[in-house]
Amino acid sequence: MKTIKDYIFATRPWSFPVSMMSVIVSAAYLYATGFSFTIWMALWATVGILLFHAAGNVLSDYVDFCKGVDRTDTYCPPTLTSGQFTKKEILTLGLILLAIACLNGLGLMLCSGWELLIFGAAGALLAVGYSWLKYHALGDVDITLEYGVIPALGTSFVLTGAVQWSVLWIVPAFITITNAVLHSNNTRDVVSDAVAHIYTLPMMIGKKASIILYDMMILLPYAWIVVCAIFGLIPWACIIAFVALPKAIANCRQMHRFNEAEDAINNLDEKTAQLQLVHALVLTITLIMSVIIEKIIL
């Protein structure tokens, strides 16, 4: 008998910060730039993207197992490779989660506007098509859109009643770290992915370039925060996000050890997800505190 905990584990909940923080940071940015909204709508939008993320994770595991990407000799979630779940059970779970996510999105649309259907449909397509895009070296494009651009614009519409294009300024401050989660995973799996005859970005650019690209993905948000602060696009308080920089540098050092040992980055995707959570939380808190401090001063 499978427990609720087993089903929750099958959704890979450790990766959820990758999606939910895109909504939370976007909401904090809107608040910091003068927009007012109901906190419950922000929480509802966060639940919505988590449901799509959970569905995408489960369906991705199903496709990876059927394709031969996930095997007993590869580093992957054991839900299918261990025989804990059958393919039918995982497919059913993924489709149920996707249906719930769509119903939740329809409810959110009724409270905001029909235009939200565009963002919801795009998100659903990207969630379902993630595996195919990843197999053709387009996983980073999927992640950038699914967990960066679309959530930011969709959140702005839900919270303000209109698409606020200015919210896109905050997306580069976290999205490349999000992409680094996928990149570290794909870099680790180059050999096993080649056996499965799929084609990811690290396979295309090679080990050395993959290591350099990871460094860029991890460090770019910090440079972006400084540039945006200089031009007045975000509050100067956001440089407090640099408190997570030592953890970012530690992750980069671990990636560089990949030159010496193939198993050096086995858990780097999880560590990168942890970095993304810490970085995004600090960024969110500083965006909110900048408004509170400004009100106190004035």
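Observations, loosely collected:
- Ranked by how many other beta carbons lie within 10 Å on average, peptides 119-128, 203-212 from highest: 119-128, 203-212
- Helix 150-160 vs. the chain, principal-axis angle (Cα, 0 to 90°, nearest 10): 30 degrees
- Alpha carbon centroid spacing (whole Å) that separates the stretch 183-229 from the stretch 1-53: 25 Å
- Dipole magnitude of the stretch 112-199, debye to nearest 20 (Cβ charges: Lys/Arg +1, Asp/Glu -1, about Cα centre): 60 debye
- Summarising the label geometry, the points placed 7 Å from Cα in the beta-carbon direction at residue 169 and residue 114 lie 3.3 nm from one another.
- Taking every alpha-carbon pair under 8 Å whose residues sit at least 6 apart, the stretch 45-131 reaches a relative contact order of 41 percent.
- Extension gain (nm, one decimal) between residue 160 and residue 249, 0.36 nm per residue minus Cα-Cα: 28.4 nm
- Taking the C-alpha atoms only, the angle from helix 116-135 to the longest principal axis of the chain is near 30 degrees.
- Rounded to the nearest 10 degrees, the inclination of helix 39-67 to the longest alpha-carbon principal axis of the chain is 20 degrees.
- 20 Å reach of a label modelled at residue 87, 7 Å along Cα-to-Cβ, counting backbone N of the stretch 103-129: 128-129
- Sorting 43-50, 230-237, 29-36 by their mean Cβ neighbour count within 10 Å, with the most densely packed peptide first, gives 43-50, 29-36, 230-237.
- Here is how the number arises for the chain: DSSP H runs of 4 or more residues each give -39500 (n - 2.57), the sum is divided by the residue count, and the result at 222 nm is -23000 deg cm²/dmol.
- Cross-link check: pairs 208/271; 271/295; 2/134; 2/247; 87/207 evaluated at a Cα-Cα cut-off of 27 Å; pairs beyond the cut-off: 271/295; 2/134; 2/247; 87/207.
- Largest GNM mean-square fluctuation across 132, 169, 40, computed for the chain with C-alpha springs under 10 Å, falls on 40.
- Take the Kirkwood radius over Cα pairs of the stretch 1-85, plug it into Stokes-Einstein at 25 °C and 0.890 mPa s, and you get 166 µm²/s for translational diffusion.
- Selected from 107, 83, 154 as most flexible by GNM, with the chain as the system and alpha-carbon contacts under 10 Å: 83
- Rel. contact order, % - alpha carbon contacts under 8 angstrom, at least six apart, the chain: 23 percent
- Unit charges on C-beta of K, R, D, E only; dipole of the chain, Debye: 240 debye
- Convex hull (Cα only) mean projected area of the stretch 107-242, reported in nm² to one decimal: 9.5 nm²
- Segment residue 106-residue 37, length gained on full extension (0.36 nm per residue, minus Cα span): 22.9 nm
- Percent breakdown of C-alpha pair distances by 10 Å bin, ordered from the shortest bin, for the stretch 80-158: 17, 39, 32, 11, 1
- Here r is the Cβ-Cβ distance between residue 226 and residue 1 and R0 is 41 Å; the resulting FRET efficiency, rounded to 0.05, is 0.15.
- Comparing 112, 156, 184 in a Gaussian network model of the chain where C-alpha atoms under 10 Å apart are linked, the largest mean-square fluctuation is found at 112.
Each reported figure results from applying straightforward, stated rules to the coordinates on display, with no laboratory input. Keep in mind the model is a prediction, meaning the values are calculated, not measured. Cβ coordinates were reconstructed from backbone atoms using ideal geometry, including for glycine residues, and neighbour counts include every protein chain displayed.
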